[in-house]
Amino acid sequence: MTETTSKRRLTIARAMSEAIAQEMERDPDVLVMGEDVAKLGGVFSTTTGLLDRFGPDRVRDTPISETAFIGAAVGLAAAGMRPVVELMFVDFFGVCMDPIYNLAAKQNYFSGGQIQCPMVLMTSVGGGYGDGGQHSQCLYASFAHLPGMKVVIPSNAHDAKGLMTAAIADPNPVIFMFHKSLQGVGWLGTVLGAITDVPEARYEVPIGKASVVHEGTDVTVVGLGLTVHHALDAAKQVAGRGVSIEVIDLRTVAPLDRETIRASVRKTGRLIVVDDDYLSFGVTGEVIASVCEDRSITLRAAPARIAHPDIPIPFTPVMEHFVLPSSAKVVAAIEDMMEAGHD
Amino acid sequence: MTDVAIALDWWEDGSEGAISAWLVDDGDRVEAGVIVAEVMNEKVSFELFAPTSGIISIFVPAETPVVPGQVVARIAP
């Protein structure tokens, strides 16, 4: 059967800039600001074409001061604008965290709903390309832990556009995290699974809803961003040995979709969580606790987690890749868990 | 048959770029104006557009070096 409809595959970078452009077209209050977002179109190509289309009033290059421009974005949002502000590397959050977690995340609550914060803070996360301990962090849990903000991370272009559209429409502050390895910007390496068909029309992917991206019956493997692709690769590898994996793509870290995770583990009885953020006090622990505290779930094996160890991310590629999660580590964890059941 | 080539003015002659990703598969039907590939040279990304509509045949796989002017695919009506 000949392919009659033409494909429209985009990279995550393209999907993000398309979503922002569509929302800027619809709503004159949407504006974009950040380092190198205007003339360059973003160092990770998140804002390609926006300056040419919407002009320098709505697409602004800021000075290198996150303290200043993140604070400014929070103020703009309080005044009724809808800023999409880019924090170039999530690692830089230290100098601008007060406006994020104490103002943006709390002003709606403190003002009894009178001062909202419809801000999208988009930020790059992740390593694996030798950028060192201060340019490779993930920090999903650091943001997800603090009440008052939503945290999302797409694993593919389709979800990236839908989540960005939903984030801009959301009256709450949304931290939109994009993984550098998945952007589709060549010099960071290419993960083909992240490049997917993306509808041209406007659509939203609901924030707060995880997705079962591969159905299975033996083990539930939960991932986010890049680790979803590790899990999918592992699912293919173990399928040949008769093991059936269910892969869940969190898509949203906060609010966490506990129901989807629990429903899956209720079915499989086994859980592995894969996270490229630091191990302790993070996403893996939260997912496992959310499953264990559910009395209707009977586990067939102790849950397992794969994450970056609690050390600064190494700079030299050999060491960095030694500590990062990978599909091989997921396969080993699956086999170990399946073996443990056969005593 | 229409050639799909790396534009001559994308980067200085002499250096090599590479197709970082094909956004369509060999044999796909493409519409004119759609992005068919991302091309990289020295950390700068370029987009390769389909000049016409039709069925695309890909000659150069991703990650192989390309130079300005090189024909990397053809589109048949």
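The values are calculated or read from the model by the stated rules, or taken from the named source; none is laboratory data. Quick caveat: nothing in here was measured; it's all calculated off a predicted structure. Positions of Cβ are generated from backbone atoms using ideal geometry, with glycine treated the same way; all protein chains shown enter the neighbour counts. Side chains are part of the model used for accessible areas, which takes the heavy atoms of the whole protein and leaves out ligands, DNA and RNA. Shrake-Rupley method; radii C 1.70, N 1.55, O 1.52, S 1.80 Å.
Annotations
- Within this structure, residue B:48 passes the test of being more than 9 Å from chain A (Cβ to nearest Cβ), of a type outside the set (Phe, Trp, Tyr) and surrounded by 14 or more Cβ atoms within 10 Å (Cβ to Cβ).
- Search result, residues across the stretch A:308-343 that are hydrophobic (A, V, I, L, M, F, W, C), within 24 Å of residue A:267 (Cβ to Cβ) and without any contact (Cβ under 8 Å) to a residue 40 or more places away in the chain: A:332, A:340
- When the test is whether a residue is within 18 Å of residue A:189 (Cα to Cα), open to solvent by less than 30 Å² (accessible area, probe 1.4 Å) and outside any loop (DSSP other than H, G, I, E, B), residue B:72 does not pass it.
- Residues that are open to solvent by less than 20 Å² (accessible area, probe 1.4 Å) and in contact with a Leu (Cβ under 9 Å, 6 or more places away or on another chain) within the stretch A:209-223 comprise A:210, A:219, A:220, A:221, A:222, A:223, listed in sequence order.
- When A:85, A:43 are screened for being in contact with a Gly (Cβ under 7 Å, 6 or more places away or on another chain) and not acidic (Asp, Glu), only A:85 passes.
- Candidate set: the stretch B:2-24, residues that are of a type in the set (S, T, N, Q) and either assigned to a loop (DSSP other than H, G, I, E, B) or facing chain A (nearest Cβ under 10 Å) (or both); chosen: the one least open to solvent (accessible area, probe 1.4 Å): B:20
- Residue-level analysis places residue B:58 outside the set of residues that are surrounded by 19 or more Cβ atoms within 10 Å (Cβ to Cβ), farther than 24 Å from residue A:193 by Cα and within 14 Å of chain A (Cβ to nearest Cβ).
- In the stretch B:25-38, the residue that is farthest from residue A:190 (Cα to Cα) out of those that are more than 8 Å from every other protein chain (Cβ to nearest Cβ) and either touching a Leu at 6+ places or on another chain (Cβ under 7 Å) or part of a strand (DSSP E or B) (or both) is B:36.
- When the residues of the stretch A:8-48 are filtered to those that are surrounded by fewer than 18 Cβ atoms within 10 Å (Cβ to Cβ) and more than 24 Å from residue A:155 (Cβ to Cβ), the one that is farthest from the other protein chains (Cβ to nearest Cβ) is A:29.
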